[in-house]
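The values are calculated or read from the model by the stated rules, or taken from the named source; none is laboratory data. If you're wondering where the values come from, they're calculated on a predicted model, not measured in any experiment. Methodologically, a virtual Cβ is constructed for each residue, glycine included, from the backbone with ideal geometry; neighbour enumeration extends over all protein chains shown. We work out accessible area using only protein heavy atoms, side chains counted, and drop any ligands, DNA or RNA first. Shrake-Rupley method; radii C 1.70, N 1.55, O 1.52, S 1.80 Å.
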Amino acid sequence: MAIRLGSIGVNRPYLIRMSEIYLDMTKQTKPARLRELIVKGAVLMPGVPNASVARQVERAGFDAIYISGAGMANSTAGVPDIGLLTMPEVVRLAGYVAKAVNIPAIVDADTGFGDENVSQTIRELEKAGLAGCHIEDQEFPKRCGHLAGKTVVGVVEMVGRIEAAVAGRRDKDFLIIARTDSRAIEDFKGAVKRAQKYVEAGADAIFPEALQSTAEFRDFAKEVKVPLLANMTEFGKSPLLSFQELSDLGYRMVIFPQSAFRVAMKTTEEFFSGLKKAGTPKDWIDKMQTRQELYDLLEYDPAAEEWNGSHE
């Protein structure tokens, strides 16, 4: 028998577990706040590659942030999303984002940086101020979830990753999201079966990567009765559904991981082309963030005798 939680059918053991977690709704830690948000309804989470963009997201009025693994790799190291950043690098970069804003942030933790490191990864992300993360069932080195050529580990190995993640966390509110990339390899039914096993292993939420139709998003939500995360990345295998459409289907987290980064990269490409031709940026002045606007975003007052921020 399913008990209704908002618009999602949730089985009784899961509801009991969630009820215990939300017994004290007055807590204001970021992990607790994120859990409160997804119990109340769906959350739109723009993806950010760094802390400055995260500040813009918060100023725009969003309730939570997604830290894109691809965004960090592409923007910081100039490399593709194939697992080239180490765990300390991801923790540090994600920590900058988490500390720059007051709203909760979740981060892409790839495969957990080695099965023997999953517990430590969770603890380090907690200490860095993250509200949660997702760990995927790909083999290492991983690939972007919307590219061909991926391989996934066996269910037993991924269950071990989830169990290690759950055992490693110190804050019971830290959200552990299991991502499955199996749709492209084992078909839709295989992805559903894996997700159900991951929930049994203790995952708080499921991220079904690269579903291929609106019907698949709908049917997955009918079969997997925990909070679900939908990835609306452009130029991928999934249809670009709106936040409202996904909310109506039962998804509680909707990420747009690379949208802002793609817009910024396209714009800077056009700027550099113009600068090369004109030899001056004056035609772009009206399109620029001003010095004062940047200082306002960073909460920096040059006239103040002391500034409590970081120059890093």
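Listing for the model above:
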{"item": "Total residues in the stretch 136-147, condition open to solvent by 10 Å² or more (accessible area, probe 1.4 Å) and either touching a Gly at 6+ places or on another chain (Cβ under 7 Å) or at pLDDT 95 or above (or both)", "result": "4"}
{"item": "Residue within the stretch 284-303 that is modelled with pLDDT under 95 and open to solvent by less than 50 Å² (accessible area, probe 1.4 Å) present", "result": "no"}
{"item": "Residue check for Phe113: within 21 Å of Ala73 (Cα to Cα) and surrounded by fewer than 16 Cβ atoms within 10 Å (Cβ to Cβ)", "result": "no"}
{"item": "Condition broken by Lys150, with the remaining ones in (1) open to solvent by less than 10 Å² (accessible area, probe 1.4 Å); (2) not in a helix (DSSP H, G or I) satisfied", "result": "(1)"}
{"item": "Odd one out for Pro88 among (1) open to solvent by less than 50 Å² (accessible area, probe 1.4 Å); (2) closer than 23 Å to Arg161 by Cα", "result": "(1)"}
{"item": "Failed criterion for Val166 (all others in (1) over 16 Å from Thr121 (Cβ atoms); (2) β-branched (Val, Ile, Thr); (3) assigned to a helix (DSSP H, G or I) hold)", "result": "(1)"}
{"item": "The stretch 172-190, residues that are open to solvent by 10 Å² or more (accessible area, probe 1.4 Å) and of a type in the set (A, V, I, L, M)", "result": "Ala184, Ile185"}
{"item": "Matching residues, the stretch 191-220, being surrounded by 22 or more Cβ atoms within 10 Å (Cβ to Cβ), in contact (Cβ under 8 Å) with a residue 60 or more places away in the chain and in contact with a Phe, Trp or Tyr (Cβ under 9 Å, 6 or more places away or on another chain)", "result": "Asp204"}
